[in-house]
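Worksheet for the structure shown next.
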There are 2 protein chains.
Amino acid sequence: MNTTAGARALTVHQTTRPHGFPTPEHFAFVESAVPAPAPGTALVENLYWSVDPYHREMMDGEFALHAPLEGRTIGRVTASRTPDLAEGEIVFHRQGWRTHAVVTPQEVRRLPAFDGVPLSAYLSILGGTGLTAYVALTRVARLRSGEDLYVSAAAGGVGTATARLARVMGAGRIVGSAGSPAKVAHLKEHVGYDEAFDYHEGPAAQLLAKAAPDGLDVYVDNVGGEQLEAAIWSLREFGRIVRVGTVAQYNDPQPLAAPRNLTEIVEKSLRMEGFHVRNHRDLQEELYDFAVPHIQSGRIALDETVVDGFDRIVTAFLGMLRGENTGKMIVRSSAAAGAADA
Amino acid sequence: MNTTAGARALTVHQTTRPHGFPTPEHFAFVESAVPAPAPGTALVENLYWSVDPYHREMMDGEFALHAPLEGRTIGRVTASRTPDLAEGEIVFHRQGWRTHAVVTPQEVRRLPAFDGVPLSAYLSILGGTGLTAYVALTRVARLRSGEDLYVSAAAGGVGTATARLARVMGAGRIVGSAGSPAKVAHLKEHVGYDEAFDYHEGPAAQLLAKAAPDGLDVYVDNVGGEQLEAAIWSLREFGRIVRVGTVAQYNDPQPLAAPRNLTEIVEKSLRMEGFHVRNHRDLQEELYDFAVPHIQSGRIALDETVVDGFDRIVTAFLGMLRGENTGKMIVRSSAAAGAADA
């Protein structure tokens with residue numbers, strides 16, 4: 001047993017339902033004794049937490065109030081009462097938003113140990129975020145080599161992963177939009193976008209037509225609304241729109257402006273398709289096979305904003321909703337931060 | 001030569017561009033001598049003409065003014081100066097809106113002669129209209145046996161063909177909407193719709209939810225707007241929306257109301273896809289193979305509104321735009337009408 005006698009565990013609960021943008025007051029940190037594993041279970045000390053746009057949606061109903069929240073997490077087994085989990089093993093599980101979790105072997109997935117791939121990558125480019133981008137480009141958009149791509153919320157977790165994966169898939173021109181000049185510069189200088197624009201700078205249709213004057217084949221839509229309408233204008237015949245989610249809408253009780261040009265779906269033989277990554281987990285191994293060699297060779301860099309300290313998980317989540325991250329927002333435990341610094 | 005010396009030919013020209021709904025004043029009937037075929041061509045006397053929603057769209061620009069119009073037509077070769085076309089042969093071609101056409105062998109398609117299949121069927125269930133429905137159900141929607149279907153403009157050419165084909169494909173419940181109580185009754189009594197409603201009778205979302213209380217898998221959308229929004233609410237997870245066209249919009253300079261619930265595309269993993277039948281002509285033989293036995297056995301009845309006399313082609317076209325037809329609107333020459341009556 002590595003757990004210290006008298007050590008305390010922290011768990012985040014949601015206390016009230018938000019109307020519009022959530023604040024720290026919608027959450028509470030609850031302290032308790034570190035739980036003891038029952039026979040057939042193991043105690044995991046969590047090291048990395050994923051905070052995600054879909055958590056905002058869960059706050060509207062799926063998260064039970066005054067109860068531990070779910071989320072993608074990576075941790076180390078520190079005490080085991082099952083022969084199927086050994087102390088010291090690194091596992092992925094979904095009991096997030098807490099420092100410690102008691103898990104059954106069925107609830108966890110062992111992570112592969114690829115040389116040169118840091119643990120955080122299993123929550124970013126190799127995790128649900130990267131898998132979302134991979135499914136969007138392959139199974140849904142069926143991106144072909146040389147095709148031109150537009151990504152909204154381009155500096156976020158899914159947006160950066162989409163550009164990284166599309167580039168090594170042989171995409172043509174990759175255009176993105178984001179919410180600040182600093183992000184636009186970051187996209188062009190560091191993430192490999194060929195062109196990018198700040199969507200505050202004018203009507204989306206004009207900005208996109210200027211950024212992609214020859215048109216587009218695929219739009220990976222993370223926002224909907226006006227940018228969806230703009231993309232419908234810019235797409236070529238047989239273009240595809242992949243709808244990943246609409247983060248903006250989760251926080252806005254008013255529905256987004258609806259695109260007024262849906263007849264173009266017929267005119268240009270377009271396809272618009274939404275999906276949930278949970279229905280496409282069968283592609284997880286394919287993503288590893290595809291992306292890991294590119295991570296190891298350096299062709300795919302990791303886009304992550306890492307916030308240190310579990311006590312900052314709510315701050316990190318709210319910052320992610322406000323778009324303060326570039327790349328995937330990840331929270332790292334002090335222990336993991338210390339190990340990484342060592 | 002079967003043509004009578006001194007016989008006259010009639011051709012319809014478009015004379016002005018409509019703003020909104022077209023009227024007879026946008027057209028002119030132009031009389032001339034029956035053309036004589038040059039070497040390598042043949043003279044065709046047209047027997048059946050298809051008037052179609054897409055013609056309305058062509059009136060906005062693709063139809064040249066003061067020139068013969070294009071359209072799907074069936075006629076009989078009455079004089080030939082090419083060994084590839086024999087007098088008396090029945091052919092399909094695209095020189096519509098005229099009594100006589102001079103064609104090359106490359107411009108025509110010989111029609112198969114299936115027992116018990118009238119010529120008009122090659123413009124309705126076996127023609128572009130039926131092929132549109134067939135492509136919508138098979139290649140685009142990928143309808144599976146037992147799935148529930150909703151069709152708007154259900155009493156029109158594509159709408160009736162969609163229901164007929166879906167029924168023999170093993171669809172589950174088939175629901176339609178149309179513009180009058182008489183059409184609604186016709187759909188249920190004669191076309192095989194399980195349920196139908198008049199879209200004037202209330203908000204589309206309520207009417208559709210009542211007609212399909214257990215939800216839907218596929219929506220074949222001929223109108224867009226409010227009915228598209230209603231269908232998005234009613235579709236189940238993994239539902240498909242096939243967008244065939246938006247006849248209403250062709251006549252209305254105001255854009256249709258946009259659906260305000262496009263986030264459901266993500267929530268329910270929906271797919272919305274538009275197409276043009278011209279890109280799917282490779283399925284024509286497959287349609288014959290599939291549908292002809294059902295026509296011969298009587299399981300698929302023909303849904304056609306046949307207007308007699310070429311001089312009524314503009315009237316028939318405008319009536320089709322107003323929804324006066326049930327099934328495919330077809331114009332028949334006096335000669336063909338006489339032969340059919342004989």
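Does B:ARG332 satisfy the criteria of being within 23 Å of B:HIS13 (Cα to Cα), touching a residue at least 24 places away in the same chain (Cβ under 8 Å) and not hydroxyl-bearing (Ser, Thr, Tyr)? Judged against the criteria, B:ARG332 is a match.
Checked against the criterion of being touching a Ser or Thr at 6+ places or on another chain (Cβ under 8 Å) and either at pLDDT 95 or above or not hydrophobic (A, V, I, L, M, F, W, C) (or both), the range A:259-271 has at least one qualifying residue.
Here is the figure for the range B:306-342: residues that are among the basic types (Lys, Arg) and crowded, with 23+ Cβ neighbours inside 10 Å total 2.
Looking at the range B:290-342, which of its residues are among the polar types (S, T, N, Q), in contact with a strand residue (DSSP E or B) (Cβ under 9 Å, 6 or more places away or on another chain) and more than 30 Å from B:PRO181 (Cβ to Cβ)? Correct list: B:SER333, B:SER334. Residues in the range A:272-298 that are outside any helix (DSSP H, G or I) and within 14 Å of chain B (Cβ to nearest Cβ): A:MET272, A:GLU273, A:GLY274, A:PHE275, A:HIS276. Would you confirm whether any residue within the range A:183-190 is within 20 Å of A:PHE290 (Cα to Cα) and either touching a residue at least 24 places away in the same chain (Cβ under 8 Å) or among the small types (Gly, Ala, Ser) (or both)? Within the range A:183-190, not a single residue is within 20 Å of A:PHE290 (Cα to Cα) and either touching a residue at least 24 places away in the same chain (Cβ under 8 Å) or among the small types (Gly, Ala, Ser) (or both). Scanning the range A:177-206 for residues that are closer than 20 Å to A:ARG243 by Cβ and out of contact with any helix residue (DSSP H, G or I) (no Cβ under 6 Å at 6 or more places or on another chain) returns A:GLY179, A:TYR199. Every condition in (1) hydrophobic (A, V, I, L, M, F, W, C); (2) within 19 Å of A:GLU70 (Cβ to Cβ); (3) crowded, with 24+ Cβ neighbours inside 10 Å holds for A:ALA154 except the one numbered (2). Scanning the range B:259-304 for residues being touching a residue at least 12 places away in the same chain (Cβ under 8 Å) and out of contact with any His (no Cβ under 7 Å at 6 or more places or on another chain) gives a total of 32. Within the range B:299-325, being of a type outside the set (D, E, K, R), at pLDDT 95 or above and part of a loop (DSSP other than H, G, I, E, B) holds for B:ILE300, B:ALA301, B:LEU302, B:GLY309. When B:THR160 is tested against (1) hydroxyl-bearing (Ser, Thr, Tyr); (2) out of contact with any Asp or Glu (no Cβ under 6 Å at 6 or more places or on another chain); (3) crowded, with 23+ Cβ neighbours inside 10 Å, exactly one condition is not met: (2). Among residues belonging to the range B:202-227 that are touching a residue at least 60 places away in the same chain (Cβ under 8 Å) and under 20 Å from A:SER269 (Cβ atoms), point out the one that is nearest to the chain's Cα centre (by Cα). Within the range B:202-227, the match that is nearest to the chain's Cα centre (by Cα) is B:ASN222. Screening the range A:288-305 for residues that are surrounded by fewer than 20 Cβ atoms within 10 Å (Cβ to Cβ) and of a type in the set (A, V, I, L, M) and picking the one that is farthest from the chain's Cα centre (by Cα) gives A:VAL292.
Against the list (1) touching a residue at least 12 places away in the same chain (Cβ under 8 Å); (2) over 18 Å from B:VAL331 (Cα atoms); (3) touching a strand residue (DSSP E or B) at 6+ places or on another chain (Cβ under 7 Å); (4) of a type outside the set (D, E, K, R), the condition B:ALA86 fails is (1).
The values are calculated or read from the model by the stated rules, or taken from the named source; none is laboratory data. Just so it is clear, the model here is predicted, and its values are computed rather than measured. Cβ sites come from the backbone with ideal geometry, for glycine too, and all protein chains shown count toward neighbours.
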